[in-house]
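Below you'll find the structure, written out as structure tokens, and then a few comments.
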Amino acid sequence: MAQNWALAGMVAALLLVATTVGQIIKSQPQLGLNPAAVAAFNGRVRSWWIICCMLSVAFLPITPAVTVALFGCLSFWALREFITLTPTRLGDHRALFWVFFLFTPLQYVLVAMDLYRLYSILIPVYAFLFIPARVAIAGDPKRFLERVAKIQSGLLVCVYCLSFAPALLYLKNIQPAERSRLLFFFVTMALLSEALQYIWSRTYGQHVIAPAINATRTWEGLLGGTASTALVAWALSLFTPFTHWQAALMGMIIAVMGFAGAMTMSAIKRDRGVRDYGTLVEGHGGVLDRIDAICFAAPVFYHVTRQILA
Amino acid sequence: MLTEFALTTLARLLSGASVRWIDSQPDTCQRIYFANHTSHLDVILVWSALPHHVRELTRPVAAKDYWSRGWIRRHIAKSYNALLIDRKQVKVHQSPVDMMLQEMGTQHSVIIFPEGGRRSEDGIGEFKSGLYYLAKKRPDLELVPVYIENMNRILPRGEFLPVPLLSCVSFGPPIYLESAEAKVQFLKRARAAVISLKEIE
């Protein structure tokens, strides 16, 4: 219990620092920072507050199904943004209907029922087979494989991958309080690694990895961000079921996978010619922009943790 | 009241609609909102995009033969204060345009879809002439172009199951009928006004 409060206090302190920094650089235009970058930073901090407040639900003495449902809503919204951005044709309509109203809820229901053997194959096997068949029956052959692949990837990234984050609450061999902290540790590390990679890129960034995909991601950012995330994870291992070295390794995994997720989503956005999923429809914050790192890191983190605890 | 709230909420959830006012503002003055038409939800979407005090004075125009059939449709039409126009019984001194103007009086605004029917494919069809005659008889009315984005993907024609993508309703600056402007010219200009909203990012 005391550990929970200590963790909550530390995270709140970190967020307060980030908020203060954001407000200071916003009110000091003479620093010569790019106002768009400052606004982006403040938007990110705001979304961290929201995510952390949402996650505190996992600590309440109620069924973990509530947290699962929250992640379900997040998935639903992210998938919405993904498919809105993807050009689909009339023939995809019925397949999309089942994707949104059958596979997405079902995946989270299975997670909440702790049916690992079902939810780990529902989308990669059954949805994977269902989507092309349903699109084929609709009878529009134009760019068939491309359209099917787009729906499949959207479902995999936004729903399947993300559902492994709340699945942490059902891991065996640890206490319920520890599971909640594990989820919190995972999400905090994923968000922190994004921030650290950004800071390293800004400060020491020289070698851009793929300018056509994302001009702000550098090798220095990746290496520095991964190393510093591992360091923080090492220090926070007290709150996790891991040893110091295991926690550091987890930090590295989260940072690298988060980087992979951000790069992949950037590539999709560049292909569609938009900067953020949020700008696609004005007034909606891009959920997908915020959770891309979490989506990619969640399944890997889940499986490695499961292996360690086994 | 309850039906209105339930339908508006449902339509908003399903369409995730955001609203943009481009070089124009919501106002209670008499207006004709004219929009592209791709889905059954269009009316509800445009209507619920308006602020409450404007919405109270705005009436969607709908076909009487369709919306007066059965209790549910009648109830929906009533809760939206729809202005039902008889498409079948058009008489010489009771043209739809006259009936609309009569019903509008000096207070109400209306929402119309000048393409006539819903479009099944992308793009905006040619406008029917009703908009022109409305503008000609009441040159004081503000004609506000409205572009509804993505609704043809959310609930396409011929489908009854919606897919909850994100859509956007854009209101543009009002246009007016120029003096001595020909019908074809005016309708072209009105259509271009809707299309131009599509291109603004």
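Where a number appears in this text, it was derived from the coordinates with a stated rule and is not lab data. Just so you know, these numbers come straight off a predicted model, no measurement behind them. Note that each Cβ is placed from the backbone with ideal geometry, even for glycine, and that neighbours are counted across all protein chains shown.
Worth pointing out:
- For the stretch A:116-238, the normalised intensity computed at q = 0.17, 0.19 Å⁻¹ comes to -0.98, -1.02 (log10 of I(q)/I(0), Debye sum over alpha carbons, equal scatterers, no solvent).
- Global form of the stretch A:188-245, assessed from the alpha-carbon gyration tensor, a/c cut-off 1.5: prolate
- Over the stretch A:1-74, Cα pairs under 8 Å with separation of 6+ residues give a relative contact order of 23 percent.
- Equivalent ellipsoid of the stretch A:173-270: semi-axes from √(5λ) of the C-alpha gyration tensor, largest first, are 28, 14, 9 Å.
- Partner chain coverage, peptide A:77-84 - average Cβ within 10 angstrom: 4
- Residues of type lysines that B:Lys198 reaches as a straight line, Cα spacing below 30 Å, ignoring anything fewer than 8 places off in the same chain: A:Lys142, A:Lys150, A:Lys269, B:Lys128, B:Lys136, B:Lys137, B:Lys183, B:Lys188
- Gaussian network model of chain A, Cα within-10 Å springs - most flexible of A:Asp292, A:Asp92, A:Asp271: A:Asp271
- Screening chain A for whole DSSP H helices of 24 Å or more along their axis (Cα) with average Kyte-Doolittle hydropathy at least 0.5 returns A:2-27, A:35-55, A:65-85, A:219-236, A:244-272, A:287-309.
- Our helix-only sum for chain B, with -39,500 (n - 2.57) per DSSP H run of n ≥ 4 divided by its residues, gives a mean residue ellipticity at 222 nm of -10500 deg cm²/dmol.
- Kirkwood analysis of the Cα pair distances in the stretch B:38-86 returns a hydrodynamic radius of 11.2 Å.
- Calculated [θ] (222 nm, deg cm²/dmol) that DSSP helices of n ≥ 4 give over chain A, each run adding -39,500 (n - 2.57): -23000 deg cm²/dmol
- Annotation: the antiparallel percentage among DSSP beta bridges lying fully within chain B is about 25.
- Kirkwood hydrodynamic radius of the protein assembly as shown, Cα pairs, Å: 25.6 Å
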